[in-house]
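Q: Below you'll find the structure I mean.
The values are calculated or read from the model by the stated rules, or taken from the named source; none is laboratory data. It should be emphasised that the depicted structure is a prediction, and the values quoted were computed from it without experimental measurement. Note that each Cβ is placed from the backbone with ideal geometry, even for glycine, and that neighbours are counted across all protein chains shown. The accessibility values were calculated without ligands, DNA or RNA, using every heavy atom of the protein model including side chains. Shrake-Rupley method; radii C 1.70, N 1.55, O 1.52, S 1.80 Å.
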Amino acid sequence: MKVTTINTRLRALRAFYNFLCKSKFIVKNPMRNIKLLRDRQKTIETLDNKEIEKLIRTIRKEKTFISFRDEVIILVFLDTGVRLSELVGNEVDDV
């Protein structure tokens, strides 16, 4: 089973035993000292400096508005760490 499945079941058992304790059906909660499992954080692969430079050079080969726009978008992502939805939601009045 996956860690998330196990943790979901542990939470359900904990809630059930908490209910039993509060309702005085049992004296001691057997789930009190049971900890949830830790899930590994998935690492996100990022571009290194050479890959970024190559990407920008490729975009700059064309001298069109679209290539300029794409370069600006990439540079805003790199410089600010803004999310795509935040960037798309920007209006001219926001700048």
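Q: Which percent of the accessible heavy-atom area of segment 2-95 goes to carbon and sulfur, probe 1.4 angstrom? Can you show the working numbers first?
A: On the way: 5130 of 8970 Å².
Answer for segment 2-95 is 57 percent, counting heavy atoms of protein chains only.
Q: What's the FRET efficiency of N49 with I26 using the Cβ-Cβ distance as r and R₀ = 41 Å, to the nearest 0.05?
A: Details: r = 60 Å, r/R0 = 1.46.
E(calc), rounded to 0.05, equals 0.10.
Q: Using a ≥ b ≥ c from the Cα gyration tensor of segment 16-61 (square roots of the eigenvalues), is it rounded, prolate or oblate, where a/c under 1.5 gives rounded and otherwise the larger of a/b and b/c decides, a/b for prolate?
A: prolate
Q: To continue, here is another question. Give the residue from V88, I6, I59 lying farthest towards the positive end of the charge dipole for the chain; charges sit on Cβ (+1 for Lys and Arg, -1 for Asp and Glu) and the dipole is referred to the Cα centre.
A: In the chain, that residue is I6.
Q: Roll a 1.4 Å probe over the protein chains and send me the accessible area per residue for the chain in Å². Intermediate values should be presented prior to the final figure.
A: Values: 9140 Å² over 95 residues.
Per-residue accessible area for the chain comes out at 96 Å².
Q: S85: accessible area at probe 1.4 Å, nearest 10 Å²?
A: 90
Q: Moving to a separate point now. In Å and whole numbers, how far do the C-alpha atoms of the chain stretch along each principal axis, longest first?
A: Its Cα atoms span 75, 34, 19 Å along the three principal axes.
Q: A follow-up question, please. Please compute the length gained on full extension between I56 and L13, using 0.36 nm multiplied by the number of residues separating them and subtracting their Cα-Cα distance.
A: On the way: separation 43, 0.36 × 43 = 15.48 nm, distance 5.30 nm.
Extending this stretch completely gives an extra 10.2 nm.
Q: Same structure again: Helix by helix, which DSSP H runs in the chain go 20 Å or more along their axis at the Cα atoms and have an average Kyte-Doolittle hydropathy of 0.5 or more? Intermediate results must be reported in sequence, preceding the final value.
A: Details: long enough: 3-22 (28 Å, 0.20); 65-80 (22 Å, 1.34).
Result, helices passing both filters: 65-80.
Q: While we're on this one: On a full-extension model of 0.36 nm per residue, what is the gain between Q41 and E86, subtracting their alpha-carbon distance, rounded to one decimal in nm?
A: Details: separation 45, 0.36 × 45 = 16.20 nm, distance 2.42 nm.
Taking 0.36 nm per residue and subtracting the Cα distance, the gain is 13.8 nm.
Q: So if we plug the beta-carbon distance of R69 and D94 into 1/(1 + (r/R0)^6) with R0 = 25 Å, what FRET efficiency do we get, rounded to 0.05? Let's see the in-between values first.
A: On the way: r = 17 Å, r/R0 = 0.66.
It comes out at approximately 0.90.
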